Amino acid sequence: MNVEPFSEVKAGDSGAPVTGVQYLLRAQGFPVAVDGVFGLATDGAVRDFQADRGLPVNGIVDQTSRPPLVVTTGPGDTGDAVRGLQSFGLSIIPESTPLGADGIYGSETESRVRMFQGGWGLTIDGFAGRETWSYLLADRRNVWPLVKVRATNDTNFRVLPVQYLLRARGFDIEADGFYGPITGEAVRQFDGASRVLYVSTTVGNLTWPALIVPAEPGDSGDAVRAVQSVFPRLAVDGSFGAETEAAVRAFQETFGLFADGIAGPTTWHLLVVPKSE
(Lines give C-alpha, C1' and ligand atoms only; values in the text may rest on other atoms or scores of the structure.)
Protein backbone atom coordinates (compact mmCIF):
# COMPACT_ATOMS: atom_id res chain seq x y z
CA MET A 1 0.00 0.00 0.00
CA ASN A 2 2.81 2.41 0.79
CA VAL A 3 4.95 1.66 -2.27
CA GLU A 4 2.32 -0.01 -4.46
CA PRO A 5 -0.85 2.07 -4.24
CA PHE A 6 -4.10 0.59 -5.40
CA SER A 7 -7.55 1.71 -6.38
CA GLU A 8 -10.30 -0.80 -6.94
CA VAL A 9 -11.52 -1.28 -10.50
CA LYS A 10 -15.06 -2.61 -10.43
CA ALA A 11 -18.51 -2.75 -12.03
CA GLY A 12 -19.71 0.64 -13.20
CA ASP A 13 -16.22 2.06 -13.71
CA SER A 14 -14.97 3.30 -17.05
CA GLY A 15 -11.87 4.82 -18.58
CA ALA A 16 -8.18 3.95 -18.84
CA PRO A 17 -7.96 1.67 -15.76
CA VAL A 18 -10.83 -0.46 -17.08
CA THR A 19 -9.23 -0.65 -20.54
CA GLY A 20 -5.96 -1.70 -18.93
CA VAL A 21 -7.70 -4.40 -16.90
CA GLN A 22 -9.52 -5.71 -19.98
CA TYR A 23 -6.26 -6.06 -21.89
CA LEU A 24 -4.65 -7.81 -18.91
CA LEU A 25 -7.58 -10.24 -18.73
CA ARG A 26 -7.11 -11.03 -22.41
CA ALA A 27 -3.38 -11.52 -21.87
CA GLN A 28 -4.19 -13.96 -19.06
CA GLY A 29 -6.42 -15.99 -21.36
CA PHE A 30 -9.83 -14.58 -20.40
CA PRO A 31 -11.35 -13.10 -23.58
CA VAL A 32 -13.31 -9.90 -23.10
CA ALA A 33 -14.12 -6.98 -25.38
CA VAL A 34 -11.93 -3.93 -24.82
CA ASP A 35 -14.33 -1.03 -24.55
CA GLY A 36 -13.24 0.77 -21.39
CA VAL A 37 -16.52 -0.02 -19.64
CA PHE A 38 -16.67 -2.40 -16.68
CA GLY A 39 -19.94 -4.10 -17.53
CA LEU A 40 -21.34 -7.59 -17.04
CA ALA A 41 -18.89 -9.25 -19.43
CA THR A 42 -15.85 -7.75 -17.70
CA ASP A 43 -17.30 -8.57 -14.30
CA GLY A 44 -17.72 -12.16 -15.39
CA ALA A 45 -14.19 -12.35 -16.80
CA VAL A 46 -12.75 -11.00 -13.54
CA ARG A 47 -14.74 -13.56 -11.56
CA ASP A 48 -13.55 -16.35 -13.85
CA PHE A 49 -9.95 -15.18 -13.41
CA GLN A 50 -10.33 -15.04 -9.64
CA ALA A 51 -11.85 -18.51 -9.47
CA ASP A 52 -9.13 -19.92 -11.71
CA ARG A 53 -6.39 -18.44 -9.51
CA GLY A 54 -7.98 -19.44 -6.22
CA LEU A 55 -8.70 -15.84 -5.22
CA PRO A 56 -11.79 -14.45 -3.46
CA VAL A 57 -14.44 -14.23 -6.16
CA ASN A 58 -16.01 -10.77 -5.95
CA GLY A 59 -15.63 -9.37 -9.47
CA ILE A 60 -13.44 -6.54 -8.18
CA VAL A 61 -9.85 -5.91 -9.22
CA ASP A 62 -8.64 -5.12 -5.73
CA GLN A 63 -5.44 -5.34 -3.70
CA THR A 64 -5.63 -9.14 -3.75
CA SER A 65 -6.52 -9.68 -7.40
CA ARG A 66 -4.39 -7.04 -9.05
CA PRO A 67 -0.88 -8.46 -8.49
CA PRO A 68 -1.61 -11.86 -10.09
CA LEU A 69 -3.48 -10.16 -12.92
CA VAL A 70 -0.46 -8.06 -13.91
CA VAL A 71 1.65 -9.39 -16.77
CA THR A 72 5.16 -7.94 -16.71
CA THR A 73 6.26 -6.71 -20.13
CA GLY A 74 9.42 -5.18 -21.49
CA PRO A 75 11.31 -4.35 -24.69
CA GLY A 76 10.65 -6.87 -27.44
CA ASP A 77 7.37 -8.15 -26.02
CA THR A 78 4.13 -8.13 -27.99
CA GLY A 79 0.47 -8.79 -27.32
CA ASP A 80 -2.43 -7.67 -25.19
CA ALA A 81 -0.44 -6.94 -22.03
CA VAL A 82 1.62 -4.46 -24.06
CA ARG A 83 -1.56 -2.96 -25.50
CA GLY A 84 -2.88 -2.57 -21.98
CA LEU A 85 0.22 -0.64 -20.99
CA GLN A 86 0.09 1.50 -24.11
CA SER A 87 -3.61 2.23 -23.63
CA PHE A 88 -2.72 4.63 -20.81
CA GLY A 89 -1.10 6.93 -23.37
CA LEU A 90 1.95 7.58 -21.19
CA SER A 91 2.16 11.18 -22.30
CA ILE A 92 5.50 12.64 -21.24
CA ILE A 93 4.05 16.13 -21.14
CA PRO A 94 0.39 17.15 -21.38
CA GLU A 95 0.81 18.24 -25.02
CA SER A 96 2.56 15.08 -26.22
CA THR A 97 0.78 12.56 -28.44
CA PRO A 98 -0.44 9.50 -26.52
CA LEU A 99 1.04 6.14 -27.41
CA GLY A 100 -0.82 4.05 -29.92
CA ALA A 101 -1.87 0.60 -28.67
CA ASP A 102 -0.16 -1.47 -31.36
CA GLY A 103 0.92 -4.22 -28.95
CA ILE A 104 4.63 -3.87 -29.79
CA TYR A 105 6.98 -2.95 -26.95
CA GLY A 106 9.42 -0.90 -28.99
CA SER A 107 11.84 1.91 -28.20
CA GLU A 108 9.13 4.57 -27.90
CA THR A 109 7.10 2.51 -25.45
CA GLU A 110 10.23 1.80 -23.40
CA SER A 111 11.14 5.50 -23.39
CA ARG A 112 7.66 6.48 -22.24
CA VAL A 113 7.70 3.83 -19.50
CA ARG A 114 11.06 5.09 -18.25
CA MET A 115 9.75 8.65 -18.20
CA PHE A 116 6.63 7.54 -16.31
CA GLN A 117 8.74 5.62 -13.81
CA GLY A 118 11.13 8.53 -13.30
CA GLY A 119 8.30 11.01 -12.90
CA TRP A 120 6.77 9.01 -10.05
CA GLY A 121 10.05 8.04 -8.39
CA LEU A 122 9.70 4.37 -9.37
CA THR A 123 12.57 2.07 -10.25
CA ILE A 124 13.61 3.07 -13.76
CA ASP A 125 14.13 -0.17 -15.62
CA GLY A 126 11.90 0.18 -18.69
CA PHE A 127 9.83 -2.85 -17.67
CA ALA A 128 6.14 -2.60 -16.76
CA GLY A 129 5.81 -4.84 -13.71
CA ARG A 130 3.86 -4.73 -10.47
CA GLU A 131 5.18 -1.37 -9.28
CA THR A 132 4.54 0.42 -12.56
CA TRP A 133 1.10 -1.17 -13.01
CA SER A 134 0.16 -0.20 -9.46
CA TYR A 135 0.64 3.45 -10.43
CA LEU A 136 -1.07 3.03 -13.78
CA LEU A 137 -4.18 1.53 -12.18
CA ALA A 138 -4.26 3.81 -9.12
CA ASP A 139 -6.37 6.96 -8.92
CA ARG A 140 -3.43 9.27 -9.52
CA ARG A 141 -5.36 12.25 -8.17
CA ASN A 142 -4.80 10.75 -4.73
CA VAL A 143 -1.53 8.85 -5.15
CA TRP A 144 1.88 10.09 -3.97
CA PRO A 145 5.27 9.57 -5.65
CA LEU A 146 8.06 7.45 -4.20
CA VAL A 147 11.45 8.56 -2.91
CA LYS A 148 13.92 5.71 -2.55
CA VAL A 149 17.39 5.06 -1.20
CA ARG A 150 20.12 5.96 -3.73
CA ALA A 151 18.04 8.73 -5.28
CA THR A 152 19.58 12.18 -5.61
CA ASN A 153 17.89 15.51 -5.92
CA ASP A 154 19.02 15.60 -9.56
CA THR A 155 17.18 12.36 -10.33
CA ASN A 156 14.25 12.92 -7.97
CA PHE A 157 13.61 16.54 -6.97
CA ARG A 158 11.77 15.37 -3.85
CA VAL A 159 14.92 14.25 -2.00
CA LEU A 160 15.72 17.64 -0.45
CA PRO A 161 12.10 18.31 0.58
CA VAL A 162 11.98 14.90 2.28
CA GLN A 163 15.23 15.55 4.12
CA TYR A 164 14.08 18.97 5.32
CA LEU A 165 10.74 17.50 6.43
CA LEU A 166 12.56 14.80 8.36
CA ARG A 167 14.66 17.49 10.04
CA ALA A 168 11.46 19.37 10.87
CA ARG A 169 10.23 16.14 12.47
CA GLY A 170 13.28 16.03 14.71
CA PHE A 171 15.66 13.78 12.78
CA ASP A 172 19.29 14.91 12.90
CA ILE A 173 20.26 14.30 9.27
CA GLU A 174 22.00 16.43 6.68
CA ALA A 175 19.94 17.93 3.87
CA ASP A 176 22.49 17.23 1.15
CA GLY A 177 20.28 16.06 -1.71
CA PHE A 178 21.50 12.45 -1.48
CA TYR A 179 19.01 9.86 -0.26
CA GLY A 180 21.52 7.52 1.32
CA PRO A 181 21.27 4.92 4.09
CA ILE A 182 21.07 7.57 6.82
CA THR A 183 18.05 9.23 5.24
CA GLY A 184 16.50 5.84 4.55
CA GLU A 185 16.94 4.77 8.16
CA ALA A 186 15.35 8.02 9.36
CA VAL A 187 12.35 7.26 7.13
CA ARG A 188 12.17 3.71 8.48
CA GLN A 189 12.17 5.02 12.04
CA PHE A 190 9.52 7.62 11.17
CA ASP A 191 7.34 4.94 9.56
CA GLY A 192 7.78 2.67 12.56
CA ALA A 193 6.68 5.40 14.93
CA SER A 194 3.67 6.22 12.72
CA ARG A 195 2.27 2.74 12.03
CA VAL A 196 2.88 -0.97 12.37
CA LEU A 197 2.51 -2.10 8.75
CA TYR A 198 4.29 -1.05 5.56
CA VAL A 199 7.44 0.20 7.31
CA SER A 200 10.33 0.74 4.90
CA THR A 201 13.11 3.09 3.89
CA THR A 202 10.99 4.46 1.03
CA VAL A 203 8.83 7.54 1.30
CA GLY A 204 5.53 6.43 -0.21
CA ASN A 205 1.79 6.90 -0.13
CA LEU A 206 1.40 6.45 3.62
CA THR A 207 4.59 8.28 4.55
CA TRP A 208 4.01 11.55 2.71
CA PRO A 209 0.77 12.66 4.43
CA ALA A 210 2.24 11.90 7.87
CA LEU A 211 5.59 13.52 7.12
CA ILE A 212 4.30 16.86 5.81
CA VAL A 213 4.60 19.82 8.15
CA PRO A 214 2.35 22.70 6.96
CA ALA A 215 4.11 26.02 6.54
CA GLU A 216 2.68 29.51 6.20
CA PRO A 217 3.77 33.16 6.06
CA GLY A 218 5.74 34.12 9.14
CA ASP A 219 7.03 30.59 9.82
CA SER A 220 10.70 29.71 9.88
CA GLY A 221 12.82 26.58 10.00
CA ASP A 222 13.20 23.33 8.10
CA ALA A 223 9.51 22.96 7.24
CA VAL A 224 9.84 26.23 5.33
CA ARG A 225 13.08 25.07 3.71
CA ALA A 226 11.23 21.97 2.53
CA VAL A 227 8.74 24.15 0.66
CA GLN A 228 11.40 26.49 -0.69
CA SER A 229 13.49 23.60 -2.00
CA VAL A 230 10.71 22.68 -4.45
CA PHE A 231 10.86 26.10 -6.13
CA PRO A 232 14.09 26.46 -8.15
CA ARG A 233 14.18 30.26 -7.94
CA LEU A 234 13.59 30.61 -4.22
CA ALA A 235 16.38 31.04 -1.71
CA VAL A 236 16.28 28.16 0.78
CA ASP A 237 16.72 30.36 3.83
CA GLY A 238 14.02 28.93 6.08
CA SER A 239 12.10 32.19 6.30
CA PHE A 240 8.53 32.20 4.94
CA GLY A 241 8.59 35.78 3.72
CA ALA A 242 6.97 37.69 0.89
CA GLU A 243 8.81 35.90 -1.95
CA THR A 244 7.96 32.44 -0.65
CA GLU A 245 4.35 33.43 -0.10
CA ALA A 246 4.12 34.85 -3.62
CA ALA A 247 5.56 31.65 -5.10
CA VAL A 248 3.12 29.46 -3.18
CA ARG A 249 0.15 31.64 -4.09
CA ALA A 250 1.11 31.68 -7.77
CA PHE A 251 1.45 27.91 -7.75
CA GLN A 252 -1.93 27.50 -6.09
CA GLU A 253 -3.59 29.80 -8.60
CA THR A 254 -2.01 27.93 -11.52
CA PHE A 255 -3.42 24.61 -10.31
CA GLY A 256 -6.84 25.88 -9.28
CA LEU A 257 -6.37 25.77 -5.52
CA PHE A 258 -7.55 28.36 -3.02
CA ALA A 259 -4.61 30.76 -3.07
CA ASP A 260 -4.06 31.28 0.65
CA GLY A 261 -0.26 31.11 0.51
CA ILE A 262 -0.19 28.20 2.99
CA ALA A 263 1.67 25.02 2.07
CA GLY A 264 -0.69 22.42 3.49
CA PRO A 265 -1.35 18.79 2.43
CA THR A 266 -3.28 19.61 -0.77
CA THR A 267 -0.68 22.09 -1.96
CA TRP A 268 2.12 19.70 -1.03
CA HIS A 269 0.50 16.92 -3.05
CA LEU A 270 0.45 19.03 -6.19
CA LEU A 271 3.98 20.24 -5.51
CA VAL A 272 5.43 16.73 -5.65
CA VAL A 273 3.34 14.83 -8.23
CA PRO A 274 4.42 14.83 -11.90
CA LYS A 275 2.94 17.84 -13.61
CA SER A 276 2.10 15.81 -16.74
CA GLU A 277 -0.46 13.97 -14.61
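Observations
- Gain upon complete extension [L40, S96; 0.36 nm per residue less C-alpha separation]: 16.7 nm
- What the chain shows is 45 Å² of accessible area per residue, with the surface traced by a 1.4 Å probe over protein heavy atoms.
- Whole-number Å³ per residue for the convex hull built on Cα positions in region 89-144: 86
- Of the residues T183, T97, N2, the one whose Cα sits farthest towards the positive end of the charge dipole of the chain is N2 (charges of +1 on Lys and Arg Cβ, -1 on Asp and Glu Cβ, taken about the Cα centre).
- Were the residues from E108 through A193 laid out at 0.36 nm apart, the gain over their Cα-Cα distance would be 26.3 nm.
- Each peptide in 257-266, 78-87, 44-53 receives the mean, over its residues, of other Cβ atoms within 10 Å, and ordering these scores from highest gives 78-87, 44-53, 257-266.
- The chymotrypsin sites (Phe, Trp or Tyr not before Pro) found in region 164-200 include none that occupy coil by DSSP while having at most 10 further C-beta atoms within 10 Å.
- Calculated over the chain: convex hull of Cα atoms, volume per residue (Å³): 134
- Whole-percent carbon and sulfur share, accessible surface of the chain, 1.4 Å: 53
- Separation of the T254 and T266 label points, Cα + 7 Å toward Cβ, nm: 1.9
- Based on the reciprocal of the average 1/r between different C-alpha atoms, the Kirkwood radius for region 155-277 equals 14.7 Å.
- Under a model in which nothing but the beta-carbon of Lys, Arg (+1) and Asp, Glu (-1) is charged, region 134-252 shows a dipole of about 460 debye around its Cα centre.
- Note on the chain: dipole from Cβ charges, positive end direction compared against V224, L165, V248; the farthest Cα belongs to L165.
- If you take the alpha carbon atoms of region 114-159 and fit the smallest convex hull around them, that volume is 73 Å³ per residue.
- Evaluated at q = 0.16 Å⁻¹: base-10 log I(q)/I(0), Debye formula over Cα of region 125-197: -0.68
- Span from the region 9-38 Cα centroid across to the region 95-144 one, whole angstrom: 18
- Low-density loop positions, GluC sites (Glu not before Pro), region 79-175 - DSSP coil, at most 15 other Cβ in 10 Å: E95, E174
- Most mobile listed residue (L90, L197, L166) in the chain, GNM with C-alpha springs under 10 Å: L197
- Computed magnitude of the charge dipole of the chain (debye, nearest 20; Cβ of K, R +1, Cβ of D, E -1): 340
The values are calculated or read from the model by the stated rules, or taken from the named source; none is laboratory data. Small disclaimer: the values here were computed from a predicted structure and weren't measured. Here Cβ is always computed from backbone atoms with ideal geometry, including for glycine, and neighbour counts include all displayed protein chains. These accessible areas exclude ligands, DNA and RNA; they are computed on the full protein's heavy atoms, side chains included. Shrake-Rupley method; radii C 1.70, N 1.55, O 1.52, S 1.80 Å.
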